[in-house]
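Student: Supplied in C-alpha coordinates, the structure appears directly below.
The values are calculated or read from the model by the stated rules, or taken from the named source; none is laboratory data. What you are looking at is a predicted structure, and each value in this text was computed from that prediction instead of being measured. Cβ atoms come from the backbone with ideal geometry, glycine included; neighbour counts cover every protein chain shown. Heads up: the accessible areas ignore ligands, DNA and RNA and are worked out on the full protein's heavy atoms, side chains in. Shrake-Rupley method; radii C 1.70, N 1.55, O 1.52, S 1.80 Å.
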Amino acid sequence: GQSLEQPSEVTAVEGAIVQINCTYQTSGFYGLSWYQQHDGGAPTFLSYNALDGLEETGRFSSFLSRSDSYGYLLLQELQMKDSASYFCAVSDGQNFVFGPGTRLSVLP
Amino acid sequence: GAGVSQSPSNKVTEKGKDVELRCDPISGHTALYWYRQSLGQGLEFLIYFQGNSAPDKSGLPSDRFSAERTGGSVSTLTIQRTQQEDSAVYLCASIKDWGGAGELFFGEGSRLTVL
(Lines give C-alpha, C1' and ligand atoms only; values in the text may rest on other atoms or scores of the structure.)
Protein backbone atom coordinates (compact mmCIF):
# COMPACT_ATOMS: atom_id res chain seq x y z
CA GLY A 1 0.00 0.00 0.00
CA GLN A 2 0.85 3.63 -0.15
CA SER A 3 0.35 6.45 2.33
CA LEU A 4 1.40 10.08 2.43
CA GLU A 5 1.37 12.53 5.31
CA GLN A 6 1.21 16.31 5.24
CA PRO A 7 0.35 18.94 7.85
CA SER A 8 -3.32 19.81 7.60
CA GLU A 9 -2.90 23.58 7.90
CA VAL A 10 -0.18 26.21 7.70
CA THR A 11 -0.54 29.95 8.25
CA ALA A 12 1.98 32.64 7.28
CA VAL A 13 2.07 36.34 6.53
CA GLU A 14 2.58 38.03 3.19
CA GLY A 15 6.23 38.18 2.16
CA ALA A 16 7.27 35.31 4.42
CA ILE A 17 8.69 31.89 3.54
CA VAL A 18 6.78 28.70 4.29
CA GLN A 19 7.72 25.04 4.02
CA ILE A 20 5.16 22.25 3.55
CA ASN A 21 6.46 18.79 4.36
CA CYS A 22 5.44 15.46 2.90
CA THR A 23 6.44 12.01 4.08
CA TYR A 24 5.47 8.89 2.20
CA GLN A 25 5.43 5.12 2.41
CA THR A 26 5.06 3.47 -0.97
CA SER A 27 5.58 0.08 -2.57
CA GLY A 28 7.03 1.70 -5.68
CA PHE A 29 8.50 5.14 -6.30
CA TYR A 30 9.24 7.11 -9.43
CA GLY A 31 8.92 10.64 -8.15
CA LEU A 32 7.19 13.21 -5.98
CA SER A 33 4.96 15.92 -7.41
CA TRP A 34 3.27 18.97 -5.92
CA TYR A 35 -0.08 20.42 -6.92
CA GLN A 36 -1.91 23.61 -5.93
CA GLN A 37 -5.68 23.80 -5.65
CA HIS A 38 -7.66 26.96 -5.00
CA ASP A 39 -11.13 26.60 -3.49
CA GLY A 40 -13.54 25.36 -6.13
CA GLY A 41 -10.79 24.97 -8.70
CA ALA A 42 -8.86 22.17 -10.33
CA PRO A 43 -5.47 21.03 -9.02
CA THR A 44 -2.61 22.50 -11.03
CA PHE A 45 0.90 21.15 -11.30
CA LEU A 46 3.72 22.97 -9.50
CA SER A 47 6.81 20.76 -9.55
CA TYR A 48 8.24 17.26 -9.82
CA ASN A 49 11.29 15.61 -8.22
CA ALA A 50 12.63 12.24 -9.32
CA LEU A 51 16.10 12.60 -7.86
CA ASP A 52 17.36 13.82 -4.51
CA GLY A 53 17.88 17.53 -4.18
CA LEU A 54 16.24 20.86 -4.75
CA GLU A 55 14.29 21.96 -7.82
CA GLU A 56 13.60 25.67 -8.15
CA THR A 57 10.83 27.25 -10.19
CA GLY A 58 10.47 30.93 -9.52
CA ARG A 59 9.15 31.55 -6.00
CA PHE A 60 8.51 27.84 -5.50
CA SER A 61 11.11 25.17 -4.77
CA SER A 62 10.70 21.48 -4.09
CA PHE A 63 13.05 19.10 -2.32
CA LEU A 64 13.31 15.33 -2.23
CA SER A 65 15.23 12.87 -0.09
CA ARG A 66 14.51 9.35 -1.33
CA SER A 67 16.46 7.73 1.49
CA ASP A 68 14.26 9.51 4.04
CA SER A 69 11.02 9.13 2.02
CA TYR A 70 10.56 12.83 2.53
CA GLY A 71 10.04 15.94 0.50
CA TYR A 72 8.94 19.50 0.94
CA LEU A 73 7.57 22.44 -1.00
CA LEU A 74 9.10 25.83 -0.22
CA LEU A 75 7.16 28.95 -1.05
CA GLN A 76 9.03 32.25 -0.88
CA GLU A 77 7.83 35.85 -0.93
CA LEU A 78 4.32 34.72 -0.08
CA GLN A 79 1.44 36.51 -1.75
CA MET A 80 -2.23 36.54 -0.86
CA LYS A 81 -2.97 34.56 -4.03
CA ASP A 82 -0.87 31.68 -2.65
CA SER A 83 -3.69 30.90 -0.19
CA ALA A 84 -4.77 27.47 -1.39
CA SER A 85 -4.45 23.78 -0.67
CA TYR A 86 -1.21 22.04 -1.60
CA PHE A 87 -0.98 18.33 -2.32
CA CYS A 88 2.05 16.10 -2.65
CA ALA A 89 1.67 13.06 -4.90
CA VAL A 90 3.80 9.98 -5.39
CA SER A 91 4.00 8.30 -8.77
CA ASP A 92 4.74 4.58 -8.63
CA GLY A 93 5.21 3.86 -12.30
CA GLN A 94 1.55 3.75 -13.18
CA ASN A 95 -0.48 5.71 -10.71
CA PHE A 96 -0.38 8.98 -8.82
CA VAL A 97 -1.32 8.73 -5.16
CA PHE A 98 -2.10 12.03 -3.46
CA GLY A 99 -1.54 13.16 0.10
CA PRO A 100 -4.37 14.60 2.21
CA GLY A 101 -3.37 18.18 1.40
CA THR A 102 -2.15 21.20 3.36
CA ARG A 103 -4.30 24.29 3.53
CA LEU A 104 -2.13 27.41 3.40
CA SER A 105 -3.57 30.69 4.64
CA VAL A 106 -1.59 33.83 3.84
CA LEU A 107 -2.40 36.77 6.10
CA PRO A 108 -1.83 40.43 5.22
CA GLY B 1 -9.67 20.90 -26.91
CA ALA B 2 -7.23 23.08 -25.07
CA GLY B 3 -7.77 21.42 -21.71
CA VAL B 4 -9.50 18.54 -19.97
CA SER B 5 -13.23 18.99 -20.24
CA GLN B 6 -15.71 17.46 -17.81
CA SER B 7 -19.50 17.41 -17.86
CA PRO B 8 -21.80 18.04 -16.20
CA SER B 9 -20.14 20.59 -13.94
CA ASN B 10 -22.91 20.07 -11.39
CA LYS B 11 -25.31 17.18 -10.94
CA VAL B 12 -28.02 16.84 -8.32
CA THR B 13 -29.72 13.49 -8.18
CA GLU B 14 -31.94 11.47 -5.92
CA LYS B 15 -30.70 8.50 -3.96
CA GLY B 16 -30.98 5.33 -5.99
CA LYS B 17 -30.67 6.96 -9.40
CA ASP B 18 -27.84 6.24 -11.85
CA VAL B 19 -25.49 9.02 -13.02
CA GLU B 20 -22.95 9.32 -15.80
CA LEU B 21 -20.01 11.71 -15.68
CA ARG B 22 -18.02 12.47 -18.80
CA CYS B 23 -14.38 13.37 -19.32
CA ASP B 24 -12.81 14.56 -22.56
CA PRO B 25 -9.02 14.54 -22.11
CA ILE B 26 -6.45 16.62 -23.91
CA SER B 27 -5.98 15.32 -27.44
CA GLY B 28 -3.03 12.94 -27.70
CA HIS B 29 -2.82 12.21 -23.99
CA THR B 30 -2.43 8.48 -23.50
CA ALA B 31 -3.34 8.09 -19.84
CA LEU B 32 -6.54 9.14 -18.09
CA TYR B 33 -7.37 9.09 -14.36
CA TRP B 34 -10.49 9.53 -12.29
CA TYR B 35 -10.27 10.81 -8.72
CA ARG B 36 -12.92 11.62 -6.12
CA GLN B 37 -12.60 14.54 -3.72
CA SER B 38 -14.93 15.01 -0.79
CA LEU B 39 -15.27 18.48 0.74
CA GLY B 40 -12.00 19.58 2.29
CA GLN B 41 -10.37 16.24 1.65
CA GLY B 42 -7.62 14.84 -0.54
CA LEU B 43 -7.90 13.14 -3.90
CA GLU B 44 -9.03 9.52 -3.77
CA PHE B 45 -7.89 7.43 -6.76
CA LEU B 46 -10.70 5.60 -8.55
CA ILE B 47 -9.51 4.22 -11.90
CA TYR B 48 -6.75 4.65 -14.46
CA PHE B 49 -6.62 4.01 -18.23
CA GLN B 50 -3.35 3.75 -20.15
CA GLY B 51 -3.52 3.33 -23.91
CA ASN B 52 -5.04 -0.02 -24.87
CA SER B 53 -4.05 -1.75 -21.63
CA ALA B 54 -6.63 -3.09 -19.21
CA PRO B 55 -7.65 -0.31 -16.81
CA ASP B 56 -6.50 -0.29 -13.20
CA LYS B 57 -9.81 -0.44 -11.31
CA SER B 58 -8.28 -0.97 -7.90
CA GLY B 59 -9.63 2.29 -6.49
CA LEU B 60 -13.30 1.83 -7.32
CA PRO B 61 -15.12 1.80 -3.95
CA SER B 62 -17.86 -0.66 -4.90
CA ASP B 63 -19.35 -2.53 -7.84
CA ARG B 64 -21.82 0.34 -8.27
CA PHE B 65 -18.94 2.26 -9.86
CA SER B 66 -17.72 1.55 -13.38
CA ALA B 67 -15.87 3.42 -16.09
CA GLU B 68 -15.01 3.03 -19.72
CA ARG B 69 -12.83 4.83 -22.20
CA THR B 70 -13.90 4.69 -25.80
CA GLY B 71 -11.45 4.97 -28.67
CA GLY B 72 -8.66 5.88 -26.31
CA SER B 73 -10.20 9.28 -25.75
CA VAL B 74 -13.46 10.16 -23.97
CA SER B 75 -14.18 8.43 -20.68
CA THR B 76 -17.45 7.94 -18.81
CA LEU B 77 -17.70 7.21 -15.10
CA THR B 78 -21.01 5.59 -14.17
CA ILE B 79 -22.38 5.36 -10.65
CA GLN B 80 -25.39 3.09 -10.26
CA ARG B 81 -27.95 3.30 -7.47
CA THR B 82 -26.34 6.42 -6.03
CA GLN B 83 -25.99 6.81 -2.27
CA GLN B 84 -25.56 9.98 -0.22
CA GLU B 85 -21.95 9.06 0.52
CA ASP B 86 -21.24 9.30 -3.22
CA SER B 87 -21.64 13.08 -2.98
CA ALA B 88 -18.28 14.58 -3.94
CA VAL B 89 -16.39 16.29 -6.74
CA TYR B 90 -15.24 13.82 -9.36
CA LEU B 91 -12.03 14.93 -11.04
CA CYS B 92 -10.61 13.65 -14.29
CA ALA B 93 -6.97 14.09 -15.28
CA SER B 94 -4.87 13.17 -18.27
CA ILE B 95 -1.16 12.93 -18.99
CA LYS B 96 0.63 12.85 -22.31
CA ASP B 97 3.03 9.96 -21.85
CA TRP B 98 3.48 7.80 -18.83
CA GLY B 99 7.16 7.70 -17.99
CA GLY B 100 6.77 8.14 -14.27
CA ALA B 101 7.26 11.85 -14.60
CA GLY B 102 5.20 14.49 -16.15
CA GLU B 103 2.31 16.71 -15.35
CA LEU B 104 -1.26 15.67 -14.71
CA PHE B 105 -3.76 18.04 -16.29
CA PHE B 106 -7.03 18.17 -14.39
CA GLY B 107 -10.49 19.13 -15.48
CA GLU B 108 -12.66 21.43 -13.37
CA GLY B 109 -14.55 18.45 -11.99
CA SER B 110 -18.14 17.29 -11.78
CA ARG B 111 -19.80 18.11 -8.47
CA LEU B 112 -22.27 15.36 -7.57
CA THR B 113 -24.90 15.88 -4.90
CA VAL B 114 -27.06 12.92 -3.93
CA LEU B 115 -30.20 13.88 -2.00
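Student: Can you put B:Leu43, A:Leu54, B:Leu115 in order of accessible area, largest first, using a 1.4 Å probe? Each step should come with its number before you reach the end.
Tutor: Working: B:Leu43 15, A:Leu54 90, B:Leu115 115 Å².
In descending accessible area the options line up as B:Leu115, A:Leu54, B:Leu43.
Student: Over all residues in A:30-37, what is the mean tally of Cβ atoms on other chains that come within 10 Å of each residue's Cβ? Numbers along the way, then the final one.
Tutor: On the way: counts 5, 4, 0, 4, 0, 5, 0, 5.
If you average over the peptide's residues, the count of other-chain Cβ atoms is 3.
Student: Given q = 0.11, 0.13, 0.17 Å⁻¹, what are the Debye log10 I(q)/I(0) values for chain A, with equal point scatterers placed on the Cα positions and solvent ignored?
Tutor: Rounded to two decimals, the profile gives -0.31, -0.43, -0.73.
Student: Apply the Kirkwood formula to the protein assembly as shown: the hydrodynamic radius equals the inverse of the mean of 1/r over all pairs of different alpha-carbon atoms; give it in Å with one decimal. Intermediate values should be presented prior to the final figure.
Tutor: Working: mean 1/r = 0.0556 Å⁻¹.
About 18.0 Å for the protein assembly as shown.
Student: If you don't mind, another one. Decide, for the stretch A:66-108, between rounded, prolate and oblate: order the square roots of the alpha carbon gyration tensor eigenvalues as a ≥ b ≥ c, take rounded if a/c falls under 1.5, and otherwise choose prolate if a/b is larger than b/c, else oblate. Walk me through the numbers on the way to the answer.
Tutor: Numbers: a/c = 3.26, a/b = 2.04, b/c = 1.60.
It is prolate, given that a/c is not under 1.5 and a/b is the larger ratio.
Student: When only the heavy atoms of the protein chains count and the probe is 1.4 Å, how do B:Ser9, A:Ser65 rank by accessible area, highest first? Working shown, then result.
Tutor: Values: B:Ser9 75, A:Ser65 10 Å².
Greatest to least solvent exposure: B:Ser9, A:Ser65.
Student: If one computes the Cα centroid of the stretch A:1-77 and of the stretch B:16-44, what distance in Å separates the two points?
Tutor: When both Cα centres are located, 23 Å separates them.
Student: In terms of modelled amide H atoms, which long-range or inter-chain residues lie less than 5 Å from the amide H of B:Ile47?
Tutor: Correct list: B:Trp34.
Student: What is the dipole size for the stretch A:51-108, taken about its Cα centre, with +1 at each Lys and Arg Cβ and -1 at each Asp and Glu Cβ, in debye to the nearest 20? Numbers along the way, then the final one.
Tutor: Working: 4 positive and 7 negative charges, 49 e Å.
Using only the charged Cβ atoms, the result is roughly 240 debye.
Student: Within 10 Å of each Cβ in peptide B:32-42, how many partner chain Cβ atoms are there on average? Round it to a whole number, please.
Tutor: On the way: counts 0, 2, 0, 3, 0, 5, 0, 0, 6, 3, 12.
Mean shielding by partner chains, rounded to a whole number: 3.
Student: Ok, one more. Taking N as the number of residues in chain B, what is its Cα Rg relative to 2.2 N^0.38 Å?
Tutor: Details: Rg = 13.4 Å, N = 115, 2.2 N^0.38 = 13.4 Å.
So chain B has a normalised radius of gyration of 1.01.
Student: Okay, next question. Greater than 32 Å separation of Cα atoms is the criterion. Which listed pairs, B:Lys17/B:Lys96; B:Lys15/B:Lys96; A:Lys81/B:Lys15; B:Lys15/B:Lys57; A:Lys81/B:Lys11, meet it? Don't jump to the answer; show the numbers that get you there.
Tutor: Values: B:Lys17/B:Lys96 34 Å; B:Lys15/B:Lys96 37 Å; A:Lys81/B:Lys15 38 Å; B:Lys15/B:Lys57 24 Å; A:Lys81/B:Lys11 29 Å.
Cα-Cα > 32 Å for B:Lys17/B:Lys96; B:Lys15/B:Lys96; A:Lys81/B:Lys15; rest within.
Student: On to the next question. Using a 1.4 angstrom probe and counting only protein chains, how large is the accessible area of B:Thr76 in Å², to 10?
Tutor: Counting only protein heavy atoms, B:Thr76 exposes about 30 Å² to solvent.
Student: By accessible area of protein heavy atoms, probe 1.4 Å, what ranking do A:Ser91, B:Ser7 get, highest first? If you can, show how the numbers build up before the last one.
Tutor: Numbers: A:Ser91 0, B:Ser7 50 Å².
Accessible-area ranking of A:Ser91, B:Ser7, largest first: B:Ser7, A:Ser91.
Student: Let me ask something additional. Could you order the peptides B:61-73, A:41-53 from most to least packed, using the average number of other C-beta atoms within 10 Å per residue?
Tutor: Numbers: B:61-73: 13.2, A:41-53: 16.9.
Order by mean packing, descending: A:41-53, B:61-73.
Student: Sort A:20-31, A:96-107 by the packing proxy (mean of other Cβ within 10 Å over each peptide's residues), most packed first. Numbers along the way, then the final one.
Tutor: Working: A:20-31: 17.2, A:96-107: 19.5.
With the highest mean Cβ count within 10 Å placed first, the list reads A:96-107, A:20-31.
Student: Using a 1.4 Å probe on protein heavy atoms only, how many Å² of accessible area do B and A hide from each other, summed over both chains and rounded to 100? All intermediate terms of the calculation are to be shown ahead of the outcome.
Tutor: On the way: alone 6360 and 5800 Å², together 10590 Å².
Separately minus together, B and A give about 1600 Å² buried.
Student: A further question follows. If I take R0 = 22 Å and measure r between the Cβ atoms of B:Asp97 and B:Lys57 in this structure, what FRET efficiency does the formula 1/(1 + (r/R0)^6) give, to the nearest 0.05? Please report the intermediate quantities before stating the final value.
Tutor: Values: r = 22 Å, r/R0 = 1.00.
After rounding, the FRET efficiency stands at 0.50.
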